[in-house]
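Sharing a structure below in structure tokens format, with a few things to ask.
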Amino acid sequence: MTAVLDTTAHPCFNPHAKAKCARVHLPVADKCNVQCNFCNRKYDCANESRPGVTSSLLEPLQAVEYLDMVLKRESRITVAGIAGPGDPFANPERTMETLRLIRERFPALILCVASNGLNISPYVSELAALQVSHLTITLNALDPVIGSQIYAWVRHNRRMFRGIEAARILLDRQLDGIARLKEAGITVKINTIVIPGVNDDHVLDIALKVSELKADVLNCMPLFPVAETPFGILPEPSKEMIQKIRKGAAHFIPQMYHCTRCRSDAVGLLGQDRAAEFSGCLNQAAAGPTHPAQRRPCVAVASWEGVLVNQHLGEATHLWIYKRTDAGYEFLEERATPPAGTGSQRWVDLAGVLSDVSTLLVAGIGAAPNEVLASQGIAVVEMEGLAQEALHLLQRGGDIRALRKRQATGCAGRGGGENAMAGLGQCAGPGTGCG
Ligand code: SF4
Ligand code: SF4
């Protein structure tokens, strides 16, 4: 599913957008693979505005439910981001699953991720495929000796590293990640925490290096001394120090001047954060189902005879409904679909009919119903073959994407009818299009 995104509508990357475009951070990153000497993720203080802080952690499905609640109440949201409270690629499965779910359900949203960069390289091609358009890497040192003062440890390939070796590994991975992101056409922001007496004399070297790597913007962030961290006793950099550094760095790379150092659960316009207001929604989502089957226990199947997934949605006057039980999916009923002739309202009505359905298995579907159903939280799988096989896979929590038809076997209207009846290939769509 590829939507045309307005990537200029990102308030952090485009200062002209910050008065009208809002962002929401989804706190799904539960772990970190690095320990920075300025970070403490232990505390949640409603008055504290800094990365690493959140009121609740969310599972991927909960994050999508929370996003849905936020979008219904804050229409200016253009960006969904993952920025902590840990690192999104310390537990990449959660991050990638969240991004997949969001992209499926909200195709027009800008997706944005902020990471320390240690483990981003293996995921760059999938990030690009999901149209994740904006990435931030926090890079605080090029010199491993300086880096060894900033990082207590780095965990890489299941091993712990400390000191100069840790800083060198992190740097190598960061530089590789930035280069790959740029090759993939992703907009890259570098965050550098300015730490007085540690790296403040080093920031221009960083600016030069990341400009050579074609990073798009540098955000020099003043250290926020956090209690109970090794850097908690350092002074906050003065405004003059930050201004001087930014002025020098601007010779190499454009600067970000309007960062508001957001929490991992920030929501709203920059500088007008509504995280406290939305904390009820966040907590409600965090208490909600973590698996689609808990919220929507049924699967709907488009089938002529109830055995094969072999019917185009546009032709289905009934869907076969199966309900999840501990023993597996059991047939519940045949459920009538709304009649044709009402245009797109038919698909809105169908979403209502399928309010207990998490997944719809069809041989073919048009773009319009696909979009309406996905926006209502129903995963549509265009597939071929036995319904029971798909239901077993869903019961086991397997990756339903494995069942999807290859793109080339998409809807071919009437011409594909015979193969579709045999569950072998193209759908038996009505030939009039179903959207
Ligand atoms: Fe904290 Fe981010 Fe550093 Fe991890 S990488 S310790 S979350 S600041
Ligand atoms: Fe944007 Fe800065 Fe907030 Fe990140 S911390 S979302 S860059 S304003």
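The values are calculated or read from the model by the stated rules, or taken from the named source; none is laboratory data. Nothing here was measured: the structure is a model prediction, and the numbers come from that model. Heads up, the Cβs are rebuilt from the backbone with ideal geometry, glycines too, and the neighbour counts pull from every protein chain shown.
Taking the stretch 338-391, which residues are part of a strand (DSSP E or B) and over 16 Å from Gln311 (Cβ atoms)?
Once the filter is applied, which keeps residues that are part of a strand (DSSP E or B) and over 16 Å from Gln311 (Cβ atoms), the stretch 338-391 yields Ser358, Ala379.
Tell me yes or no: at least one residue of the stretch 299-315 is among the charged types (D, E, K, R) and within 16 Å of ligand 1 (Cβ to nearest atom). Spell out the reasoning first.
Step one: filter the stretch 299-315 for residues among the charged types (D, E, K, R), giving 305, 315.
Now drop any that are not within 16 Å of ligand 1 (Cβ to nearest atom), which leaves none.
No.
Run Ile186 past the list (1) in contact (Cβ under 8 Å) with a residue 60 or more places away in the chain; (2) more than 16 Å from Val34 (Cα to Cα); (3) surrounded by 22 or more Cβ atoms within 10 Å (Cβ to Cβ) and report the number of the one that doesn't hold.
Status for Ile186: all satisfied but (3).
Exactly one of these conditions fails for Ala302: (1) more than 23 Å from the chain's Cα centre (by Cα); (2) away from ligand 2 (no atom under 15 Å from the Cβ); (3) closer than 30 Å to Asn14 by Cα. Give me its number.
Going through (1) more than 23 Å from the chain's Cα centre (by Cα); (2) away from ligand 2 (no atom under 15 Å from the Cβ); (3) closer than 30 Å to Asn14 by Cα one by one, Ala302 breaks only (3).
If you don't mind, another one. Among all residue pairs at least 6 apart or on different chains, which show Cβ distances below 9 Å where the first residue, located in the stretch 273-292, is among the hydroxyl-bearing types (Ser, Thr, Tyr) and the second is at pLDDT below 90 and surrounded by fewer than 16 Cβ atoms within 10 Å (Cβ to Cβ)?
Close Cβ pairs satisfying both conditions: Ser279/Ala46.
Please tell me if Leu99 is in the same structural domain as Thr192 (by TED's automatic domain parsing), farther than 20 Å from Ser56 by Cα and of a type in the set (A, V, I, L, M, F, W, C).
no
Let me ask another. Tell me, please, whether a residue that is in a helix (DSSP H, G or I), over 22 Å from Gly81 (Cα atoms) and either more than 13 Å from ligand 1 (Cβ to nearest atom) or within 18 Å of the chain's Cα centre (by Cα) (or both) can be found in the stretch 137-145.
The first filter runs over the stretch 137-145 and keeps only residues in a helix (DSSP H, G or I), leaving 144-145.
Add one more test, that the residue is over 22 Å from Gly81 (Cα atoms), and what stays is 144-145.
Going one step further and asking which of them are either more than 13 Å from ligand 1 (Cβ to nearest atom) or within 18 Å of the chain's Cα centre (by Cα) (or both), we end up with 144-145.
Yes; the residues of the stretch 137-145 include at least one that is in a helix (DSSP H, G or I), over 22 Å from Gly81 (Cα atoms) and either more than 13 Å from ligand 1 (Cβ to nearest atom) or within 18 Å of the chain's Cα centre (by Cα) (or both).
Right, another one. Which one is farthest from ligand 1 (Cβ to nearest atom), of the residues in the stretch 116-136 that are in a loop (DSSP other than H, G, I, E, B) and more than 25 Å from Ile164 (Cβ to Cβ)? Can you show your working first?
Taking the stretch 116-136 as the starting set, the residues that turn out to be in a loop (DSSP other than H, G, I, E, B) are 116-120, 130-131.
Subsequent filtering for residues that are more than 25 Å from Ile164 (Cβ to Cβ) retains 130-131.
Numbers: Leu130: 22, Gln131: 24 Å.
In this case the residue turns out to be Gln131.
Can you pull out the residues in the stretch 75-94 that are in contact with a strand residue (DSSP E or B) (Cβ under 6 Å, 6 or more places away or on another chain) and within 16 Å of ligand 2 (Cβ to nearest atom)?
Residues satisfying the conditions are Arg76, Ile77, Thr78, Val79, Ala80, Gly81, Ile82, Ala83, Gly84, Gly86, Asp87, Pro88.
Pull up the stretch 240-271, narrow it to residues that are over 23 Å from the mean Cα position of the chain (by Cα) and of a type in the set (Val, Ile, Thr), then point me to the one that is surrounded by the most Cβ atoms within 10 Å (Cβ to Cβ).
Ile245
Of the conditions (1) of a type in the set (Ser, Thr, Tyr); (2) within 16 Å of ligand 1 (Cβ to nearest atom); (3) part of a loop (DSSP other than H, G, I, E, B), Thr95 clears all except one; give me its number.
Going through the list (1) of a type in the set (Ser, Thr, Tyr); (2) within 16 Å of ligand 1 (Cβ to nearest atom); (3) part of a loop (DSSP other than H, G, I, E, B), Thr95 breaks only (3).
Restricting the stretch 30-74 to residues that are over 19 Å from Asn283 (Cβ atoms) and either more than 16 Å from ligand 2 (Cβ to nearest atom) or not in a loop (DSSP other than H, G, I, E, B) (or both), which is modelled with the lowest pLDDT?
Asn40
Is it the case, given these coordinates, that Ser303 is touching a residue at least 60 places away in the same chain (Cβ under 8 Å), of a type in the set (Ser, Thr, Tyr) and closer than 25 Å to Pro107 by Cβ?
So Ser303 does not fit the description; no.
If you don't mind, another one. Which condition does Leu319 not pass, out of (1) surrounded by 19 or more Cβ atoms within 10 Å (Cβ to Cβ); (2) part of a loop (DSSP other than H, G, I, E, B); (3) outside the structural domain of Leu71 (by TED's automatic domain parsing), if it passes all the others?
Among (1) surrounded by 19 or more Cβ atoms within 10 Å (Cβ to Cβ); (2) part of a loop (DSSP other than H, G, I, E, B); (3) outside the structural domain of Leu71 (by TED's automatic domain parsing), the lone unmet condition for Leu319 is (2).
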